[in-house]
1. Pull up the range 93-103, narrow it to residues that are within 20 Å of residue 135 (Cβ to Cβ) and at pLDDT 90 or above, then point me to the one that is surrounded by the most Cβ atoms within 10 Å (Cβ to Cβ).
2. Filter the range 56-92 down to the residues that are modelled with pLDDT under 85 and of a type in the set (A, V, I, L, M, F, W, C), then identify the one that is farthest from residue 126 (Cα to Cα).
3. Filter the range 15-66 down to the residues that are more than 30 Å from residue 82 (Cα to Cα) and of a type in the set (D, E, K, R) and list them by number.
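The values are calculated or read from the model by the stated rules, or taken from the named source; none is laboratory data. Treat the numbers as computed from the prediction; the structure is a model and nothing was measured. Virtual Cβ from ideal backbone geometry, glycine too; neighbours counted across all protein chains shown.
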Amino acid sequence: MIRSSRCNRYNRPLLGMTLLELLIVVVIIGLLATIAYPSYTRHAISSHRTVALSDISRIQLALERAYTGSYHWRGIVSGGHCLICDSDSDRFTFSIVSSATLAYTIEATAKTDLGQDRDPCFPSGVKKITLTSTNVESPSACWNR
């Protein structure tokens, strides 16, 4: 805002902002941030879940493609880290579990480091996304969003 002052002998315009104008701008930015940040975190958590879901599908495709009478996943998942995935290792750990009734179950467990475990699709107490060899997906809220 351009201001003129009676004390200005040369009648030059004074440039600058008053403290009140600066405080109003800071308050407006603060209000926008309090509205936008929760929305941003929900979106970030949702996008990381979507990447984990695609990685679970990628693991399943790799298992089925390499099937030769039995499933071998040493080259796919090692120590909780997926070797063929795009997921951030700070968000999810991956594992493949075999049992007597199912050939395999692929699990992605949400980590607490960056708040991925606070994803609203998880029911209380369950922080895993699973896919079985018979294509049973759980929890369904995570797969359907």
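1. Going through the range 93-103, the residues within 20 Å of residue 135 (Cβ to Cβ) turn out to be 94-103.
This time we only want the ones that are at pLDDT 90 or above, so: 94-96.
Details: 94: 26, 95: 17, 96: 19.
Here the answer is 94.
2. Only one residue tops the list, namely 66.
3. Residue satisfying the conditions is 21 alone.
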